[in-house]
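A quick write-up on the structure given underneath.
Bear in mind that the values in this text are calculations on the coordinates, not laboratory data. Model, not experiment: these values are computed from the prediction. Methodologically, a virtual Cβ is constructed for each residue, glycine included, from the backbone with ideal geometry; neighbour enumeration extends over all protein chains shown.
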């Protein structure tokens, strides 16, 4: 079986890592790896180069992002992605294409494969969230031939949408597979990495610290700038050491970046260190040992629950998503954010929760795909 | 309200005609009309030119078809469509975009509009059929903000897929609106048109005749050629006068065209006339008075049921679609096709059936859109 | 040396055939063959399939033609070609790309390669002609690193344009190489081919006959239709057997095709046979033995001069091009065309002329390329 | 006359400003302004927004840059530009399109217009320089219908390339028009601007200072980073106040940006201020009063000569370009750069030189265009 994995963000990589590892030891699986979009840009941390360094073969590098970060360029990028992935699939002739979650280019990829009569496998479908991701995720479900949702609840939704139950496999989230295999208490590497990577002060992680990731919410430049300002100032007033991770490219990420740059000019001595991206080997211990994860990353919902780390979730980006008890939801308001962080600091760590998976999703997915009898023609089940 | 109608096939035009008429008398509606794809190619009958001649303003003409008619060019065309419609929507700034049914470019259009935060209205969702259209149709549903299915059954499916019931309006098929307003017993124009348009013998429509439309089934050139050959020979052996309408552009239509061309070289005197396309004003009386409609056009399912015309439906293209009693389904086999036509000739006309609408769908759609309170952020209802 | 040949029309194939043959016996040359555009469309005769059948490996098939055949779609196609060839060159990593002559996509190809720092070799530069080809040809010269003009006169022009003399090699036209190696008096294959390919009457080639190729002149549909009508009627009135070869795809070829189709409906018994395309093995004997070649093909100027066949050259398409004495130039007028054909019939064959090459251009080109010391940075020589 | 100006970099704006001003008072000219590429990205300073603020209507904003800044993305961007400009020209129907100089997208624009039978006017052709610009510039000349070179020497080259002498108008550089009309001794605005825009220390411009602009040389990331490091350290060792202007987007600008960012992290107190871009009203006085302009900007060659400002020109980017006596050319070496700056400091200002124009080019261009009799069909003049 030629299984094509498509990686378009650094986050995607963590989600396919355990599949890559399982495939490497499996003579029945020929992996094809395409890295594209933000995942091959130096400014977000080029995943293709990292993979190559690690001895993993990258079959295609695909640029499809049209500069601009507005809804117009998002749509143009989506169109370009369709065109580019068509060529890649034509050349590589995969037996199945794995599409991850719900970013705008993922619908392009699912569309391209299905138009070319190539079966589509979809990870992390059936969830509920805010923003255009919500529409994209379910549209991908309707184009996909086999589904690997992270939770039973998501699997139930996929079936209710009319997908055949025998095509739905709630295997858990693959991102937890990677975490499950790591030494989560070793903060030394990330301590040292601050010397050579990222910008800002060097944060002492033996002391209580926060981790922040704040993505734009697919809207206005000015609004995103204002949102990040509220968070920056909340964190700054608390005065705790903070590791801040740059947002993904997305319509609006310019506003976030601008906010961070202006803040840094003014507060050159703030105890904050900013990374463009972190490999999961560094990120997971960082998340595990943080006093809290702040922002709107899905890792605050999912990985933090798995690890028991408190989360302050800001704004609408994760709204509707199934969640554990480790989360306090707040709006885009400095005072509110600050108060919620304080409350989490007072509470301390939570119990680990396995609703999102047991750390063995990757091998399960591979086992399903190897024997799955794909029918290209779909038919709604009612 | 700026309502953008997108017409990409001649069939689309019949489906929006009653909306255009209703909008012309409505000061609250500003129509934006985009004609693209097959609908602006001379070889399929340029709808944009027809509209302009009729005094209807065409705002944009969009070429997005990459020549080749393979799955690769279908996918490339879909990508190009996204890119081109992005520019059109950016320039026109519609309040809502109307997407029709389930062709490959329709998903491109729905995707583009939704990525640009423009509400999407979808006609003819919720149906069930074969081919990639099945996946496309439901994916469009998941991207759409308001739904105008043709039947109650389709409306129910849309709601089961998780769409909010208050966004689903089973108004009937708009294509029937046009038919309802026509003089269906006047065959004179189509009789005369044979002298100046199309190729082949001139068929006497005062005698019993057949109508044929056979589309490719999105697959192999050779297979489509074989399919059309079976139909051509079945018809030829029956020896009845036949009006044959050329297929839409689609991956595979080259095979159909080739089959017809070869047949015509060999049977230059066969009593068949071939049109590239017919306006609904000519097509509806032709369908109404035919002894049977043969092939795999949706008009055999829907318009023929509305009119009571017998239908011989060939192959898988319409499989799964709700249907009335006027249909005999057959495979791609000359003998089987011939026998089914004979059976319909013996049976004669059926009673008219309104399961697909009462001929007033267009005005109903406009009434809904004018007052509909669009929420860009969708959320699955379970 | 990895030499990438790009074939985008059937005519291109004849121009690279002797290079392919020479390369097959040369261990120092690794050929990369890309077939695209009109050359992979069934309706123009798929060259990629022919090559594969002949055991020649086709590395990439590239669709870049946007349907429509207007200046807008020509420009869109040129843009798409840039995007598609970028991917192909990225994957294939050629050492040099061979660009042929002056079609619209050739500038796209030269531009793409030069932007990617891949040396460009250009065949048939330095000539003078009408239409947009004139601008395209010289623009390609300014992007190319080594030049293979067909004549000394063309070589002189290239040098006058500021190209370094040591990069200009007047090797002759490669299309003549193929002809030089053929049995030019065997008309049997083309006689027989009429039974199985093309449409129209079967023409007896043992009797005096004409050959016609008429391309659109990159302008209006209606104008091209009128032009071809004049030619069709001139030929028809002469009543001679005629082999007519369909035009290349180009903005305007729809008009030509339509004219031919209408004519054929009316004159079903005219002694004309129409081929979509002919391999050079069939075309060369046909040209050699024709009473005259009529139309606006460059083969009337070049190959006909080499063979001594009289030519009636219609309209502006070949204007400005260097020419031998075998040509009578006429306008788009039935009477004028008819009179000129009659004059050529009266004159009979001309002496063979080698101003366009001696039939050994292909091997000469390969010899140059194998040792050429490419400098990517160009500099005008004054 | 509908004159379409295309602005794709901030530098372009200065080059068309005097044309815009002249056109505003001319009832015979209807301006169409397209702003695209780097000129509409916030990170380079959005020119479209500036124009709108100034009351100049922007007809289209076109995103065509594919993220990545490699030769592959440059080529992809060039292809996308062709596609996007086709739509813009189709909608705007200009009578003539003005193409500026020699960036990669300029060839796309010239190609698009000429394929659509729209006359092309070209500014700043006929010059000689390094990099791919050299090829691009001359290829654009071969596609253009009227030429506005900056110098007589450039005009002579254009004619030698085979362009008709009556289409060549050496009007001088339009960028000097703007400068000629400014108050060049008022440094107050740029002094104040440092408080609100850009990053870094605030530089006192009443003291001797340097101005630096260093673009990538279309090659390797690492090489560009090394180049900029040499310059940064040379300037730093001199210790003078410096206004540094960010490079244009181009394959390689990531390397330059990275170098600057790393330098700033290390030398937070260096007396340097970094602007993303400056309007010519601020840039011209800055250039006029600088002790020297350092780097590889064309403004060091041209505007600095016009103003008499000493220039230290680094590397190959401007090589081959006609130049005045104000320039010292150096390699990418810290010591060499430092020595050359010192030499210019010792020398002081030069005499003003008008070889590049007298400050009245814009109105001259408009006068020519208004009465020019365009012939779409070009023909080489030998």
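Would you mind giving the mean number of other chain beta-carbons within 10 Å of the Cβ of each residue in D:108-121, as a whole number?
What the average comes to for D:108-121 is 5.
Can you give the FRET efficiency for residue D:186 and residue B:49, using 1/(1 + (r/R0)^6), R0 = 45 Å, r = Cβ-Cβ distance, to the nearest 0.05?
Given R0 = 45 Å and the Cβ-Cβ separation, E is 0.15.
Regarding the range C:137-209, what's the average projected area of the Cα-atom convex hull, expressed in nm²?
8.0 nm²
Tell me, what does the Kirkwood hydrodynamic radius of the range A:144-183 come to in angstroms if you use every pair of distinct C-alpha atoms?
For the range A:144-183, inverting the mean 1/r across all distinct Cα pairs yields 10.8 Å.
Once the convex hull of the alpha carbons of the range A:185-268 is built, what does its volume come to per residue, in cubic angstrom?
100 Å³
Just to check, using Stokes-Einstein with a Kirkwood Rh over alpha carbon pairs, what's the diffusion coefficient of chain D at 37 °C and 0.692 mPa s in µm²/s?
156 µm²/s
State, as an integer percentage, the relative contact order of chain C based on alpha-carbon contacts under 8 Å between residues 6 or more apart.
Relative contact order of chain C: 18 percent.
What are the label-to-label distances in nm, one decimal and shortest first, from residue B:346 to the same spot in the other copies, with labels 7 Å along Cα to Cβ?
Those separations, rounded to one decimal, come out as 7.2, 8.6, 11.2 nm.
Would you calculate, for the protein assembly as shown, the mean residue ellipticity at 222 nm contributed by helices, counting each DSSP H stretch of 4 or more residues as -39,500 (n - 2.57) and dividing by all residues, to the nearest 500?
Only helices count here, giving -13500 deg cm²/dmol.
Run the Debye formula on the Cα coordinates of the range C:188-347, all scatterers equal and no solvent, and tell me log10 I(q)/I(0) at q = 0.13, 0.21 1/Å.
Summing over Cα pairs of the range C:188-347 leads to -0.53, -1.57.
Give me D for the protein assembly as shown in µm² s⁻¹, whole number, from Stokes-Einstein with Rh from the Kirkwood sum over alpha-carbon pairs, 10 °C and 1.306 mPa s.
For the chosen part, D equals 46 µm²/s.
Using only the alpha carbons of the range A:37-105, determine the length spanned along each of the three principal axes and report them from longest to shortest in whole angstroms.
37, 29, 21
Can you give the % of DSSP beta bridges in chain C that are antiparallel, to the nearest 5?
Rounded to the nearest five, the antiparallel share is 5 percent.
Place a point 7 Å from Cα of residue A:26 in the direction of its Cβ. Which residues in the range A:346-382 have their backbone N less than 19 Å from it?
A:357-375
Taking other Cβ within 10 Å of each residue's Cβ, how do C:309, D:53 sort, fewest first?
D:53, C:309
How much of the DSSP bridge set in the protein assembly as shown is antiparallel, in percent, rounded to the nearest 5?
5 percent
Could you give, in nm with one decimal, how far residue D:152 is from each other copy of that position, shortest first, with labels 7 Å out from Cα toward Cβ?
So the label point of residue D:152 gives 3.7, 9.0, 9.0 nm to the other copies.
Largest first and to the nearest Å, give the Cα extent of the range A:115-251 along each principal axis.
52, 40, 29
Can you tell me the orientation of helix A:10-24 relative to chain A, as the angle in degrees between its alpha-carbon axis and the longest Cα principal axis, to the nearest 10?
The two axes meet at around 50 degrees.
If you bin every alpha carbon distance in the range B:1-119 into 10 Å steps from zero, what whole percent lands in each bin?
14, 48, 32, 6, 0
What is the mean number of Cβ atoms from other protein chains located within 10 Å of the Cβ atom of each residue in peptide B:84-92, rounded to a whole number?
6
For the range D:290-345 and the range B:79-152, what is the separation of their Cα centres, given in Å?
About 57 Å separates the Cα centre of the range D:290-345 from the one of the range B:79-152.
Residue A:117 to residue A:377: extension gain in nm, 0.36 nm per residue of separation minus the Cα-Cα distance?
Extra length from residue A:117 to residue A:377 when fully extended: 92.7 nm.
Is there a simple number for the mean count of other chain Cβ atoms within 10 Å of the Cβ of residues in B:156-162, and what is it?
Per residue, the number of nearby Cβ atoms from other chains is 4 on average.
To one decimal in nm, how far is residue B:49 from the same spot in the other copies, if labels go 7 Å from Cα toward Cβ? Please give the shortest first.
Spelled out, the distances from residue B:49's label point are 3.0, 4.6, 5.5 nm.
Between the helical axis of C:253-266 and the dominant principal axis of chain C, each derived from Cα atoms, what acute angle in degrees is found, rounded to the nearest 10?
20 degrees
Can you tell me what share of the DSSP beta bridges in the range B:188-347 is antiparallel? A percent to the nearest 5 is fine.
Of the beta bridges lying entirely in the range B:188-347, close to 10 percent run antiparallel.
Can you name the chain C residue with its Cβ nearest the rotation axis from C to A, and give the distance in Å as a whole number?
Closest Cβ to the C-to-A rotation axis, residue and whole-Å distance: C:87, 3.
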